[in-house]
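Shown next, in structure tokens, is the structure this report addresses.
The values are calculated or read from the model by the stated rules, or taken from the named source; none is laboratory data. All values reported here derive from a predicted model rather than from experimental measurement. We place every Cβ from the backbone using ideal geometry, glycine too, and count neighbours over all the protein chains shown.
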């Protein structure tokens with residue numbers, strides 16, 4: 001089985017997955033794992049619904065709608081079962097997490113920490129709010145599986161790299177995209 005499929009099984013959102021408890025997973029991949037999340041959104045919309053919280057305003061609804069249309073003539077039902085909330089600040093992210101209803105549909109949180117890298121928020125406040133968000137997610141996972149993705153900390157905010165470690169410690173399962181080996185490129189017209 002593919003490592004990503006194993007991850008999805010362990011979190012508890014794949015068909016026939018039977019985790020011992022609802023899980024909280026993290027995807028670490030370039031671009032905040034957006035490709036993985038968009039494809040999971042298509043899959044989950046077709047299966048019965050989901051709640052998506054977008055922390056970077058990068059969720060591509062057109063891509064997901066196209067995916068629904070590609071796989072089912074009842075694509076409108078899949079779209080109706082997909083709820084999207086956008087959080088533009090760390091305060092909005094915490095508020096969105098607080099308002100997650102106790103239902104069994106999976107929760108996808110796209111690029112959660114990007115809102116916590118805001119320079120207008122102090123480092124101390126940022127760490128405090130991430131701790132609060134993680135406490136909320138611990139409660140959320142009692143009702144529904146959750147997967148989140150992260151972007152790396154900006155280079156001009158080295159102290160906030162600790163936020164990523166804070167999240168890694170809180171999750172149950174981590175999927176790290178394997179590094180692709182760099183291939184030597186040989187142009188066909190060169191000897």
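Within the stretch 130-173, the set of residues being in a loop (DSSP other than H, G, I, E, B) and under 12 Å from residue 112 (Cα atoms) comprises 150, 151, 152, 153. Of (1) part of a helix (DSSP H, G or I); (2) out of contact with any helix residue (DSSP H, G or I) (no Cβ under 8 Å at 6 or more places or on another chain); (3) at pLDDT 85 or above, residue 5 satisfies all except one. Which? Every condition holds for residue 5 apart from (3).
Which ones in the stretch 78-110 are in contact with a strand residue (DSSP E or B) (Cβ under 9 Å, 6 or more places away or on another chain), assigned to a loop (DSSP other than H, G, I, E, B) and modelled with pLDDT under 95?
81, 101, 103, 105, 106
If we keep just the residues of the stretch 32-58 that are surrounded by fewer than 21 Cβ atoms within 10 Å (Cβ to Cβ) and touching a residue at least 40 places away in the same chain (Cβ under 8 Å), which is farthest from residue 88 (Cα to Cα)? In this case the residue turns out to be 48.
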